[in-house]
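Some notes on the structure that comes next.
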Amino acid sequence: MPHGEILMKLSRTSTYALYALGYLAGSNPSGYTPVSLISQEFGLPPTHLAKIFQRLVRAGILSSSRGVSGGFALRKAPQDLSLLDVIEAVDGSVQDEVCLLENGCDDDSPCPLHAVWRKGQQALIDELRGKTVAELGEELVMHARRRQRARRRQALA
């Protein structure tokens with residue numbers, strides 16, 4: 001994550017990675033899926049998504065296979081993979097984020113908001129650590145079904 005960027009908003013790279021891995025977990029947890037399919041599903045740029053997937057392969061989260069039936073697959077079980085694992089694989093550690101007021105602020109030389117910021121940051125990290133890619137996948141599948149039902153109702157109206 002670039003210096004000075006605050007974790008309260010995920011990077012675009014992390015967001016794309018989470019959507020894509022959630023999709024893999026919810027739709028095809030044990031098989032290979034082409035990047036183009038995931039890209040179309042969420043309207044993500046395929047070349048950027050492919051680069052993100054290469055990072056996830058290097059991190060041991062995904063495996064890749066070439067050829068007609070190739071693509072990317074989860075290497076780890078989605079229930080054993082936290083959202084924090086994914087974010088840190090693509091953006092690096094979130095533990096050393098900057099404080100709200102001062103770039104030089106740290107535990108040894110805190111700014112006036114340091115304790116409050118640190119608590120909020122830790123709460124967010126704990127939430128991301130506690131939520132799994134499997135849970136995200138289930139939520140994405142339910143969301144897609146709700147969208148399909150809404151589209152069908154609109155078509156019938």
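Quick look at the values:
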quantity: Considering residues of the range 114-148 that are of a type in the set (Val, Ile, Thr) and either under 23 Å from Lys76 (Cβ atoms) or touching a Lys or Arg at 6+ places or on another chain (Cβ under 9 Å) (or both) only, the residue surrounded by the fewest Cβ atoms within 10 Å (Cβ to Cβ); calculated: Val141
quantity: Qualifying residue in the range 3-16 (condition: modelled with pLDDT of 90 or more, among the aliphatic types (A, V, I, L, M) and either under 23 Å from Gln122 (Cα atoms) or buried (at least 16 other Cβ atoms within 10 Å of the Cβ) (or both)); calculated: no
quantity: Hey, Leu62 within 15 Å of Leu24 (Cβ to Cβ), in contact with a Gly (Cβ under 6 Å, 6 or more places away or on another chain) and among the aliphatic types (A, V, I, L, M) or not; calculated: no
quantity: Members of the range 77-101 found to be part of a loop (DSSP other than H, G, I, E, B), in contact with a helix residue (DSSP H, G or I) (Cβ under 8 Å, 6 or more places away or on another chain) and modelled with pLDDT of 80 or more, listed by number; calculated: Ala77, Leu81
quantity: Complete set of residues in the range 102-157 that are under 26 Å from the mean Cα position of the chain (by Cα), of a type in the set (S, T, N, Q) and part of a helix (DSSP H, G or I); calculated: Gln121, Gln122, Gln148
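The values are calculated or read from the model by the stated rules, or taken from the named source; none is laboratory data. Please read these numbers as outputs of a predicted model, since none were measured by experiment. With ideal geometry, Cβ positions are generated from the backbone for all residues, glycine too; neighbour counts draw on all protein chains shown.
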